[in-house]
């Protein structure tokens, strides 16, 4: 009986170790990809929520205060506040560089997270484009109407698109695409 205990294998074979390492690596790879997708989705969703809340706030302010309000859209931020004359805006910005003009935009600013891009599609446009610098504005009228507008946020390959209702400034349609 003592001889049997001496020849009994102790530990794992090389094949068992390699298979175990392969399985653990595969599980970690899938988990990492899933986690990255969740992070991309979270970043886009946070910015979308900020845009939705700003649009609803401006619509409410326009109705309550019986005054036009606007959201100035730029590639890296958006600003909300009382509306002012488009001709005065463009006239004052004509002599400035686009960077200086962007610094002059009035209103409460929301900086879009680094790496996320904002795209705009007006009701009569076929494709999304970057906001025009510095005077891309979305107007909210006191009668409770805003321009029909679609906004798209992109982060890497992930895309979140929103179509806003011109009567309520709420999102009518939203789609999130995150490639796997």
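Quick rundown of the values:
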read-out: Prolate/oblate/rounded label for region 112-180 (Cα gyration tensor, a/c 1.5); value: prolate
read-out: Residues residue 127 and residue 177, FRET efficiency given R0 of 25 Å [Cβ-Cβ distance, rounded to 0.05]; value: 0.95
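A short reminder: the numbers here are calculations on the coordinates, not readings from a lab. What you are looking at is a predicted structure, and each value in this text was computed from that prediction instead of being measured. As a convention, Cβ positions derive from the backbone with ideal geometry for all residues, glycine included, and neighbour counts pool all protein chains shown.
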